[in-house]
Amino acid sequence: NAGVIQTPRHKVTGKGQEATLWCEPISGHSAVFWYRQTIVQGLEFLTYFRNQAPIDDSGMPKERFSAQMPNQSHSTLKIQSTQPQDSAVYLCASSSDWGGSYAEQFFGPGTRLTVL
Amino acid sequence: AQRVTQVQPTGSSQWGEEVTLDCSYETSEYFYRIFWYRQLFSGEMVFLIYQPSFDTQNQRSGRYSVVFQKSFKSISLVISASQPEDSGTYFCALSEPSGKLTFGEGTQVTVIS
């Protein structure tokens with residue numbers, strides 16, 4: 001079991017450019033979660049999918065951020081027109097479903113996004 | 001709204017000592033879970049232990065255990081016989097029934113050999 005895979009590990013973009021972050025969950029896990037970690041805000045929930053369907057995006061900034069899960073093997077987080085305040089570590093996690101409630105989440109190594 | 005607070009930003013111990021990390025939380029949910037994770041210096045998040053709200057027994061897993069005080073909405077992580085490899089930042093996280101986690105600020109622990 002390879003664990004949750006996130007690519008790239010590091011990404012540097014210029015202000016105004018687009019960034020796409022990839023996550024491959026653990027095979028067989030039905031839920032995928034995205035979090036963002038900064039020194040100032042700590043760990044914040046962004047969005048999550050269950051069985052590929054978007055369930056809760058209450059943590060996503062309303063503009064410029066979008067997430068998709070086109071198939072059970074990967075999810076993407078896209079940030080359009082990146083701004084310096086988007087600089088953070090973006091963490092993806094997956095979890096199995098215990099009849100409607102969840103087991104522990106397994107985290108990927110994160111993607112460190114730096115916006116210059 | 002859910003909220004998790006870890007008031008100890010840092011902590012340290014000597015090799016072999018017991019370490020206790022505190023966490024308090026706010027929730028209006030009846031069913032919830034409290035998870036503890038350690039974040040390594042590499043950034044990797046490692047699951048340690050969890051406590052379900054409906055279980056009155058304190059959970060144990062290897063050298064990790066919790067002291068769950070549901071009526072006070074507090075929970076402590078206890079690490080017995082601490083080792084240098086236990087160093088890292090420890091996060092308490094509250095899980096809603098939906099599954100999403102609300103994290104505390106974290107406590108950075110250093111175990112001195």
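As an exercise: evaluate A:G59 against (1) under 16 Å from A:V89 (Cβ atoms); (2) more than 14 Å from chain B (Cβ to nearest Cβ); (3) of a type in the set (G, A, S) and give the number of the one condition it does not meet.
All conditions are met except number (2).
Would you check which residues across region B:8-56 are at pLDDT below 95 and of a type in the set (K, R) and list them?
Residue satisfying the conditions is B:R33 alone.
Which one is farthest from the other protein chains (Cβ to nearest Cβ), of the residues in region B:38-53 that are of a type in the set (F, W, Y) and assigned to a strand (DSSP E or B)?
Only one residue fits best here, namely B:Y50.
Can you tell me which residues in region B:1-37 are surrounded by 15 or more Cβ atoms within 10 Å (Cβ to Cβ) and within 11 Å of chain A (Cβ to nearest Cβ)?
Once the filter is applied, which keeps residues that are surrounded by 15 or more Cβ atoms within 10 Å (Cβ to Cβ) and within 11 Å of chain A (Cβ to nearest Cβ), region B:1-37 yields B:Q2, B:V4, B:Q6, B:Y32, B:R33, B:F35, B:W36, B:Y37.
Quick check: is even one residue across region B:69-82 β-branched (V, I, T) and within 14 Å of another protein chain (Cβ to nearest Cβ)?
No, region B:69-82 contains no residue that is β-branched (V, I, T) and within 14 Å of another protein chain (Cβ to nearest Cβ).
Only one of (1) more than 14 Å from chain A (Cβ to nearest Cβ); (2) outside any strand (DSSP E or B) fails for B:S65. Which number is that?
(2)
For a quick check of your reading: which strands (runs of 3 or more DSSP E) sit entirely within region A:25-98 and have at least 3 residues that are surrounded by 18 or more Cβ atoms within 10 Å (Cβ to Cβ)?
Ranges flagged: A:31-38, A:42-50, A:65-71, A:74-79, A:88-95.
The values are calculated or read from the model by the stated rules, or taken from the named source; none is laboratory data. On a predicted model such as this, the values are computed, not experimentally measured, just so you know. Note that each Cβ is placed from the backbone with ideal geometry, even for glycine, and that neighbours are counted across all protein chains shown.
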